[in-house]
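Working notes for the structure below.
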Amino acid sequence: MTEKRRKRLDPVESEIETSLQPGDFIPDRACFSFVSDLEGVAATIAKLLPIEATRAVELYATFLAGCREKAEELDDSSGSFGQFVSELFCGWIGARQAAGADPDVTATRVLSFIDHDQYGLSCGLETSVGKALDRAGAAAFEKQVRARLDAAATEPADYARRRWGDVLRDLYVTRNNLAAYVALAEQTGRTAKDCHAIATMLLARKKHGEALAWVERGIGFDTKRAPLDFVKADFTRLRRVLLSKLGRGGEALESAWAEYRTRPSRYTYDEFMKFVPKAERSAWREKAMDAIEHGDLRSAIELLLETKEMERLAERVRRTEDDVLQRLSHYVTEPAAEKLQRRHPEPAARLWRAQGMRLVDAKKSKYYEAALSNFENAMRCFERAGLTDEWAETVNDIRSRHHRKSGFMSGFERLLAGVGPSESPSFLERAKARWRDR
């Protein structure tokens, strides 16, 4: 950059250009750090708002222009850059409003950015804009979007109608404009999603009876007509909340209990317990634990861990076949084994063994170290439970079926000799030892 050009630039513009690293490609793994640097510059601009709003407007515009150019030089698979641009755009809106800029021009430029966005940077911007706009800005934005919606009514394809209708819906939800939302839904054709949005806004206004009526409409909606909008679980949860607020807690509990019995899990358990009267919680907890006895194993383990039902968990593991345990993810079995190993070493040993067997059978050498750790834990738990014969059978099975896996077997034999992974020096211990030997 020449000295003459440097003098023409606002000092913050120099920071913007430096932070954008023009000419350098930013891979996705580096995008978070890259965006963090951009956020620091954006914070500098935000501090100018109370004293130099007009200057802030120009700096935000420059920053947005730079971001659009930079979009070709980065991989934003994580979406962090796009989120930053949306926040930057909201900062630009706030600066224009602080500077007393024409709200119609602001709305025009927002829509122009959306129209000409070829990089997906405006994804979700409609919702963010609704929060950033003041009353005059929201009115101007609504007017221009409404004009686009009306113009699209004469077009044969319905993409534009759906698009601008959705933009208006987002605006009305963000601005909590119930009357406008209801009118728009009636004009463009009500969907299940509309019923949910209207019910949620009515709930916020404590109009529980009206909200419940809209929920019932949504639940009864023709799902073939609007498959993408219909989310039964959301309606069901909202219906229970409304029933409870209307003094019909028994119906809410009955609904949640029926769902739990159909799909017992930690999530459905937490849901139905919300509606159980405090005096009845102990009895309902017992019913819930009985109901999960023959349910999905993974869900049962997760729920029994969450509710600290260690006796039930130990018994469930005892009556489960080894090959079934082996098919479970270590994300499920490891926490269970850790909780059980002190007071219930026998089922804990079977869980540790199942994890080790799954890794060795998978024939992935990079996981052999993890498998050895699992077998070490299994060995200790079998010994603590007085089941040395069962551990001996496990050893014979491993030697018989996996003797060709030299990379694993050498470590397994060391484990049997008393030098398991926990006894081996760690990476840093080995590094320090080599350093001392120099």
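The values are calculated or read from the model by the stated rules, or taken from the named source; none is laboratory data. Please read all numbers here as calculations on a predicted model, not as lab measurements. Every residue, glycine as well, gets a Cβ built from its backbone with ideal geometry; the counts of neighbours run over all protein chains shown. Surface areas here come from the heavy atoms of the whole protein model, side chains and all, with no ligands, DNA or RNA. Shrake-Rupley method; radii C 1.70, N 1.55, O 1.52, S 1.80 Å.
Couple of notes before you dig in:
- The Stokes-Einstein estimate for the stretch 234-344, based on a Kirkwood radius over Cα pairs and taken at 25 °C with 0.890 mPa s viscosity, is a diffusion coefficient of 163 µm²/s.
- Modelled label positions at R327 and A65, each set 7 Å beyond Cα in the direction of Cβ, lie 6.2 nm from each other.
- Only Lys, Arg (+1) and Asp, Glu (-1) charged, at Cβ; the stretch 1-118 dipole about Cα centre in debye: 500 debye
- Across the stretch 1-88, counting alpha-carbon atoms alone, Rg and Dmax equal 13.2, 39 Å.
- Under the Debye formula (equal points on every Cα, no solvent term), log10 I(q)/I(0) of the stretch 115-224 at q = 0.11, 0.14, 0.17, 0.21 Å⁻¹: -0.39, -0.62, -0.89, -1.21
- For the stretch 1-150, Kirkwood radius (reciprocal of mean inverse C-alpha pair distance, Å): 16.1 Å
- Share of carbon and sulfur in the accessible heavy-atom surface of the stretch 248-395 [1.4 Å probe, %]: 47 percent
- Basic side chains Lys and Arg get +1 at the Cβ, acidic Asp and Glu get -1 at the Cβ, and with that the dipole of the chain about its Cα centre reaches some 740 debye.
- Listed residues T174, M310, W435: farthest to the positive end of the dipole of the chain (Cβ charges): M310
- Note on the stretch 51-130: the alpha carbon radius of gyration divided by the globular reference 2.2 N^0.38 Å gives 1.07.
- Cα-based shape type of the chain, given that a ≥ b ≥ c are square roots of the gyration tensor eigenvalues and the cut on a/c is 1.5: oblate
- All distinct Cα pairs of the stretch 182-221 go into the 1/r average, and the inverse of that average, the Kirkwood radius, is 9.9 Å.
- Ignoring lysines fewer than eight residues from K278 along the same chain, the ones with Cα atoms less than 17 angstrom from its Cα are K245, K287.
- Calculated FRET efficiency for the pair A30/A147, C-beta based, R₀ 56 Å, to 0.05: 0.85
- Computed with a 1.4 Å probe on the full set of protein chains, the accessible area for D290 sits at about 90 Å².
- Within the stretch 299-435, the proportion of C-alpha pairs whose separation exceeds 26 Å stands at 25%.
- The helix-only estimate of mean residue ellipticity at 222 nm for the chain, built from DSSP H runs of length n ≥ 4 each weighted as -39500 (n - 2.57), is -22500 deg cm²/dmol after division by the residue total.
- Taking the inverse of the mean reciprocal distance over all distinct Cα pairs, the Kirkwood hydrodynamic radius of the stretch 97-158 comes to 12.6 Å.
- Kyte-Doolittle mean at least -0.5 and Cα axial length at least 30 Å: DSSP H helices in the chain: none
- Toward the positive end of the charge dipole of the stretch 74-221, with +1 on the Cβ of Lys and Arg and -1 on the Cβ of Asp and Glu, the farthest Cα among A136, G220, V85 is that of G220.
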